[in-house]
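Novice: Have a look at the structure that comes next, please.
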Amino acid sequence: EKKIAKLLSEHLGDFVEGVTKEDLNISIFGGGKLDLRNLRIKETGLDLLGLPLTVLHGHVGRLRASIPITSLKSKPVVVDVDQVFLVVRPRRTHEWDEEREHALQQRIKEGKLEKWEVTIEAAAEAAEKEEKKKGWVARLVETIVKNLKFNVSNVHIRYEDDTSDTKNAFALGVTIGE
């Protein structure tokens with residue numbers, strides 16, 4: 001359970017503000033239910049996706065997860081994301097600089113390495129405890145990933161561009177229901 005809370009905190013922390021390990025611990029230990037509301041998406045929330053966009057405003061109304069702690073092998077982990085609102089604009093050329101871009105690429109690489117290290121560390125700890133269960137951990141992780149279900153609803157993304165053509169600014173919105 002502590003590892004799940006740690007992984008969620010690390011992964012959610014890349015995209016949203018205001019998620020603490022305490023919030024996750026209380027939710028997860030309360031029967032495998034996670035319910036977070038009104039999460040603010042970071043201005044850099046899309047950076048790790050490699051998109052040339054800046055988040056002007058963004059929030060997630062509700063993020064719920066049902067984690068069947070006692071039956072991870074047989075039941076799916078269900079993640080529901082609802083009421084996502086995102087306003088983005090292209091990254092302006094004067095905002096782009098080589099050092100920042102290099103630092104971003106380095107951060108993306110380091111993030112990927114850290115996630116691999118956490119995964120490898122968790123597998124190594126399990127292997128140390130019982131050599132017999134070495135294959136069991138890999139099968140469990142594979143089962144969890146295969147059974148992972150994401151439900152995303154009520155998404156609105158607004159793209160505002162006043163830099164491509166400074167005389168004719170425009171905005172485009174996309175809404176996705178259930």
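The values are calculated or read from the model by the stated rules, or taken from the named source; none is laboratory data. Just so it is clear, the model here is predicted, and its values are computed rather than measured. Here the Cβ positions follow ideal geometry from the backbone for every residue, glycine too, while neighbour counts run over all protein chains shown. Note: areas computed on protein heavy atoms with side chains; ligands, DNA, RNA excluded. Shrake-Rupley method; radii C 1.70, N 1.55, O 1.52, S 1.80 Å.
Novice: Out of all the residues in the stretch 38-83, which are open to solvent by less than 40 Å² (accessible area, probe 1.4 Å), assigned to a loop (DSSP other than H, G, I, E, B) and not β-branched (Val, Ile, Thr)?
Specialist: Gly45, Leu46, Pro68, Leu72
Novice: Just one of the numbered conditions (1) at pLDDT 90 or above; (2) surrounded by fewer than 17 Cβ atoms within 10 Å (Cβ to Cβ) is not true of Leu86; which one?
Specialist: It is condition (2) that Leu86 fails.
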